[in-house]
Amino acid sequence: MSHLNAEIRQRAEELVALYPERRSALIPLCHLAQEQDGWLRPEAMSEIGEICGVTAAEVMGTATFYDMLHIEPVGKYVVAVCTNIACLLGGALELLEHAESTLGVRAGGTTTDGVFTLHEAECLADCDKTVCVQVNHRYVGGQTPETFDALVDDLRSGRMDETVPPHGTLVRVRRSVGLQADSVTIAAERAKEAKAKAARAAATAGAGENKA
């Protein structure tokens, strides 16, 4: 039985069809699974492995390399506070300490209600707005202890639902242009490439025999 729901599974197959090798879709499929569950469940990693033609261990090995992918449960909102040099000089450690107090968890922890996970982050690349904070990988501007408390309140109340979807959702607009190809065209191109590859291999083998 598929762990991925019907819609996510269909989108996964559509993504795989865009790549010359199925395994090349591994990371996009991890994001799809995370969109469904909020994190990468073992069942999801196994199914991704089956779709991509790799082992579940390879999926986990890839997922653990990237900090946008989580193999353990996280909150609805993953709050990242940058403590790199520019933000550090702007009071990042003080803000992080305040965030821990406000949320009642240490950095790396998740609130008991499952709403917030707090992370201490390396540079988030918004250095002109310190202290830089992201929620579910969305920039929320430079934060102070006062604005952070207001941010938490807005998230809890749902006032930011339009701009900050639950963790795991990278985009809410389905692609309608750009990387598209129908299955017939893809199959024809792959067959053509396979034929050309076989011809090159035969030519190489023939050249080797002639030299011998």
State whether the residues of the stretch 71-82 include one that is at pLDDT below 95 and surrounded by fewer than 17 Cβ atoms within 10 Å (Cβ to Cβ).
-> no
Go through GLU21, GLU7, GLU35 for me and flag whichever is acidic (Asp, Glu) and surrounded by 15 or more Cβ atoms within 10 Å (Cβ to Cβ).
-> GLU35
Of the numbered conditions (1) farther than 22 Å from ASP37 by Cα; (2) in contact with a helix residue (DSSP H, G or I) (Cβ under 6 Å, 6 or more places away or on another chain); (3) aromatic (Phe, Trp, Tyr), PHE116 fails exactly one; give the number of that condition.
-> (1)
Just one of GLU100, GLU35 is more than 30 Å from GLU146 (Cα to Cα) and of a type outside the set (A, V, I, L, M, F, W, C); which is it?
-> GLU35
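So which of GLU43, GLU58, GLU47 is surrounded by fewer than 16 Cβ atoms within 10 Å (Cβ to Cβ), over 22 Å from TYR139 (Cα atoms) and at pLDDT 95 or above?
GLU43
Given the structure, is PHE148 of a type outside the set (Gly, Ala, Ser), under 18 Å from the mean Cα position of the chain (by Cα) and either within 30 Å of GLU13 (Cα to Cα) or surrounded by 16 or more Cβ atoms within 10 Å (Cβ to Cβ) (or both)?
no
The values are calculated or read from the model by the stated rules, or taken from the named source; none is laboratory data. What you are looking at is a predicted structure, and each value in this text was computed from that prediction instead of being measured. Every residue, glycine among them, receives a Cβ derived from its backbone with ideal geometry; neighbour counts consider all protein chains shown.
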